[in-house]
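Undergrad: First, the structure itself, so that you have it in front of you.
We did not get these values from a lab; they are worked out from the coordinates using the rules stated. Remember, it's a predicted structure, so these values are computed and weren't measured experimentally. Don't worry about glycine lacking a Cβ; one is built from the backbone with ideal geometry, like all the others, and counts go over all protein chains shown.
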Amino acid sequence: MKTTISRILAALVLGGIMLPSLQAGNEIFLYPLARAFGSPSETELAKCRQAFSRMQSGLATSRVAVQPVLFIDETHHVWRRNLAVTLAREAGPRTTAELTVPRGGAPAVAPTELGHNQLRYLWERAAVYSDWVKADHPAADYVWIAEIWGHGGKVGAIHCYILDASGQIAYCRLYNSHQFGPDLPLEGDAAVRLFVQRFFEDLVQAPEKVFPPYGVG
């Protein structure tokens, strides 16, 4: 296994050296490594960029269904509507979109384990939510889903997804202690405020910044 990884890395480095003049050359040669770690295909990323661009121009006049937030720690695996209400409250002043928390239940998806590869989990879970939107047809232009994972009273991981009405991923982000440190409290509004702020910061970025070509960036 170590030998295989070493060979892949050597090939990627060699490719980057041999073709420095190619636009996005480094991204192309790092693409297999990004895929191995769980990044989606460039075909899917291109669809995400297109959906994100449409959301940038159309969010202000859209209906957004804010789903209950999945809250997971040592003893809980629950969908919390109160956190969705917090999400809508925090996001509301930043957009003219119509943000609603549906009265119905949470997304009908099976529970799953986070595991050790957060990136792979993020995109595998995105596919699960996409299938749910396609099957459920929520009455909205966009569906906002978030997960908060914690341990010992602190947040360990956050996942944020926004899908359009067709089930296409328009926004997909993960956060962990590298972004927010080891002391973000699990209870309260801090985690929700963080990913809402990050979303609106990302919303003004180029689609290629949010969904880097070939998953490298």
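Undergrad: Restricting to bridges with both residues inside the chain, how much of the DSSP beta-bridge set is antiparallel, in percent to the nearest 5?
TA: Close to 70 percent.
Undergrad: Under 15 Å from the Cβ of His137, count the other residues' Cβ atoms, weight Lys and Arg +1, Asp and Glu -1, and hand me the total.
TA: -2
Undergrad: Rank His151, His116, His76 by mean-square fluctuation in a GNM of the chain with C-alpha springs under 10 angstrom and give only the top-ranked residue.
TA: Between His151, His116, His76, it is His116 that shows the largest mean-square fluctuation.
Undergrad: Further, regarding this structure: Work out, step by step, the length gained on full extension between His151 and Val78: first 0.36 nm times the residue separation, then minus their alpha carbon distance; give nm to one decimal.
TA: 24.8 nm
Undergrad: Select from Gly167, Gly38, Gly105 the residue whose mean-square fluctuation is largest in a Gaussian network model of the chain (Cα-Cα springs shorter than 10 Å).
TA: Maximum fluctuation in the GNM of the chain, among the listed residues, is at Gly105.
Undergrad: Between Glu187 and Val204, what length in nm is gained on full extension when 0.36 nm per residue of separation is reduced by their alpha carbon distance?
TA: Value of the extension gain: 3.2 nm.
Undergrad: Shifting gears a bit: Taking K and R as +1 and D and E as -1, what net charge do the other residues with C-beta under 10 Å from the C-beta of Ala106 add up to?
TA: Net charge around Ala106: +2.
Undergrad: While we're looking at this one, here's another question. Give me the mean projected area, in nm² to one decimal, of the convex hull enclosing the Cα positions of the stretch 116-197.
TA: Mean orientational projected area (the stretch 116-197, Cα hull): 5.7 nm².
Undergrad: Turning to a different aspect of this structure: Here are several values of semi-axes √(5λ) of the Cα gyration tensor in Å: (i) 27, 21, 17; (ii) 31, 21, 16; (iii) 48, 20, 13. Which one was derived from the coordinates shown?
TA: Recomputing semi-axes √(5λ) of the Cα gyration tensor in Å here picks out (ii).
Undergrad: What full-extension length gain, to one decimal in nm, is calculated for Lys134 and Thr43 as 0.36 nm per residue of separation minus the Cα-Cα distance?
TA: Here the segment from Lys134 to Thr43 would lengthen by 30.8 nm.
Undergrad: If you average the C-alpha positions of the stretch 96-110 and of the stretch 22-73 separately, how far apart do those two centres end up, in angstrom?
TA: If you average the Cα positions of each part, the centres end up 21 Å apart.
Undergrad: Which of Pro185, Pro68, Pro107 moves the most in a Gaussian network model of the chain with Cα springs under 10 Å?
TA: Among Pro185, Pro68, Pro107, the largest mean-square fluctuation in the Gaussian network model of the chain belongs to Pro185.
Undergrad: Ser57 versus Val85, label points 7 Å from Cα toward the beta carbon: distance in nm?
TA: Going by the 7 Å Cα→Cβ label model, 3.8 nm.
Undergrad: Where does the charge balance sit around His151 when Lys and Arg score +1, Asp and Glu -1, over other residues with C-beta under 10 Å from its C-beta?
TA: Once all neighbours under 10 Å are counted, the net charge is -1.
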